[in-house]
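Please read the structure below before turning to the comments.
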Amino acid sequence: MKKGQILEGYIERVDFPNKGFAVVEDEEKKVIVKNTVPEQKVRFAVNKIRKGQAEGRLLEILEHSPEECQPACPHFGVCGGCTYQNLPYEKQVEMKEAQIHAMMDAAVDGDYIWEGVKESPVREAYRNKMEFSFGDEYKDGPLALGMHKRGSFHDIVNVTECKIVDEDFRRIIKAVLEFATDTGLPYYHRMRHTGFFRHLLVRKAVRTGEILIDLVTTSEAQLDEARLVEKLTGLSYDGKLAGILHTTNNSLADVVKDEGTKILYGQDYFYEELLGLKFKITPFSFFQTNSLGAEVLYEAARSYIGETKDKVIFDLYSGTGTIAQILAPVAKKVVGVEIVEEAVEAAKENAALNGLDNCTFWAGDVLKVIDDLGEVPDLIVLDPPRDGVHPKALEKIIDFGVERMVYIACKPTSLARDLELLQGRGYQVERIGCVDLFPSTYHVETVVLLSQQKPDDHIEIDLDLDELDATSAELKATYQEIKDYVLKEFGLKVSSLYISQVKRKCGIEVGENYNLPKSENVRVPQCPKEKEEAIKAALKYFAMI
């Protein structure tokens, strides 16, 4: 197998995130082909071979899976926004559950309660926020406004019939594209760093129906503000237009960045309602993009947290303070920390709006702010961004030693990484469940309840006298010395169980029953390949093999 080779294969399975494994005849290795579903026959081009693993770019679906259905959206397959519109919703949930369950089984030490995936209350038109990009449909083609073409950094797909937003979003995107085209001004070119039109941000509340529109441009030209306002206020909406904004962004990065926002019409915020509480939302503050699904998520998180009476709760990465305010009525005090200052101000206003006087909110990075909070929490809720919690911040969080911790993750791979450190520092996973906030995509929210292993907690093990008869190799380095070496050299945390497994593979005696559970029914996690190699390197360093 070599790069550029065109092959055909059947998709055996799909792992998170959207990694199909194609079985190719006459080839020993399987090839990762994204944007596929199980039981498809596909043609693909091998475009990458790394560490013995080949990856391919999908060229054609030769045979469809018997599970597939006709996508509702005409843009599906070209637009990169959705992944699984060609599967019935029940099948999407089934696949997500299998993927996340397998990932958590590999990440969790010991038994835990798996609670499956709760479905989204709505499956279409569920998004309350979209960021559309300006570009061209193809090189030097007409101006486009929509989503990036699947697999392309440059080309933009006009998504005027997008099905994960409602009709008001579609009206707005059509009107803004017409306006931009009529001006004759160019879009911002991501490589040349020149041009004017960059993004269109649209937010709409499900319960109040209020709409906020923000056009993002560079300062390279003058925006015809009056004409834009006339165009957008002249539309007929199912909801209610709350505000029209113009944000300037001259940064080189292809992200929506606020370098100055001007109100052209109305106001720069709107209101949404969740679980009987009202929330003020500003253009760039974090708020779950599926409002009705968020209610399911927060109800699940609240059930995981359990008893909160007379408790001080930390809500870290708090956004506009949604979780904090849901917990505040049944807690002594809730302290929220959020890096986006705009979101913190909104959180404070929301708390006052809902008559909650036992919430305080801090603006800043959790890593830097957590030492200055002046409180000792009884419980902690973590709802970090996609990259998870910074290791140094997580160490400080663990040092509080709270009895229970709830981790809400929008990216399960980041969660799996953070669980390793949490478990290594004495926390054990009690329950895991998911909520599907993102139908038609591979994303899913995961909620984990962790509890602190108490000093008086114990695990019964069988000891064998063989364990006490250490070999000369064992005496060369302790388990802790091996752990320290692996952490220092490879940045990995390994357990004594993993070390003993690798020792056995290398022919080092560790005692017949070392680190084995008493019950025959308990699942024993196996050492991942990456950690096995790191442990072997440590054994070589200490001249044990």
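Taken together, the values in this text are just the output of simple stated rules run on the coordinates, not laboratory data. Predicted model, so just to flag it, every value in this text is computed and none were measured. Here the Cβ is made from the backbone with ideal geometry for all residues, glycine too, and neighbour counts use every protein chain on show.
Structural remarks
- 19 Å tail of the calculated P(r), the stretch 178-319, as % of Cα pairs: 60 percent
- Once the chain from HIS390 to LYS41 is taken as fully extended at 0.36 nm per residue, the excess over their C-alpha distance is 121.6 nm.
- Relative packing of 419-428, 362-371, which averages over residues the other C-beta atoms within 10 Å, highest first: 419-428, 362-371
- Part-to-part distance (alpha-carbon centres) for the stretch 275-344 and the stretch 215-250, which is given in Å: 31 Å
- Rounded to two decimals, the Cα radius of gyration of the stretch 99-156 over 2.2 N^0.38 Å is 1.91.
- Theoretical gain in end-to-end length, HIS193 to GLU25 [0.36 nm per residue, Cα-Cα removed]: 55.9 nm
- Cβ-based charge dipole, the chain, positive-most Cα from GLN526, ASN250, PRO71: ASN250
- Electrostatic tally near ASP166: other residues with Cβ closer than 9 Å to its Cβ, Lys and Arg +1, Asp and Glu -1, net -1.
- Residue list for the stretch 47-77, given a label point 7 angstrom along the Cα-to-Cβ vector of SER152 and an amide N cut-off under 15 Å: 75-77
- Solvent-free Debye scattering, log10 I(q)/I(0), computed from the Cα coordinates of the stretch 17-59 at q = 0.14, 0.18, 0.22 Å⁻¹: -0.27, -0.45, -0.68
- Under the Debye formula (equal points on every Cα, no solvent term), log10 I(q)/I(0) of the stretch 201-258 at q = 0.26, 0.27 Å⁻¹: -1.08, -1.12
- Evaluated on the chain, the Kirkwood hydrodynamic radius is 26.2 Å, with distances taken between all distinct Cα atoms.
- Between the residues MET103, SER285, LEU367, the greatest Cα displacement towards the positive end of the dipole of the chain, with unit charges on the Cβ of Lys, Arg, Asp and Glu, is found for SER285.
- Given +1 at the Cβ of Lys and Arg, -1 at the Cβ of Asp and Glu and no other charges, the dipole of the chain around its Cα centre is 1300 debye to the nearest 20.
- Annotation: amide H of LEU245 within the under-5 Å range of ILE213, ASP214, LEU215, LEU264, sequence separation 5 or more or interchain, hydrogens built in the peptide plane.
- Relative contact order of the stretch 308-440, pairs being alpha-carbon contacts under 8 Å that are 6 or more residues apart, as %: 22 percent
- Under the Debye formula (equal points on every Cα, no solvent term), log10 I(q)/I(0) of the stretch 94-214 at q = 0.15 Å⁻¹: -0.78
- Measuring between their Cα centroids, the stretch 1-69 and the stretch 123-145 lie 28 Å from each other.
- On a per residue basis, the convex hull of the C-alpha atoms belonging to the stretch 26-83 measures out at 106 Å³.
- Mean shadow area of the stretch 315-400 over all directions, Cα convex hull, nm²: 5.2 nm²
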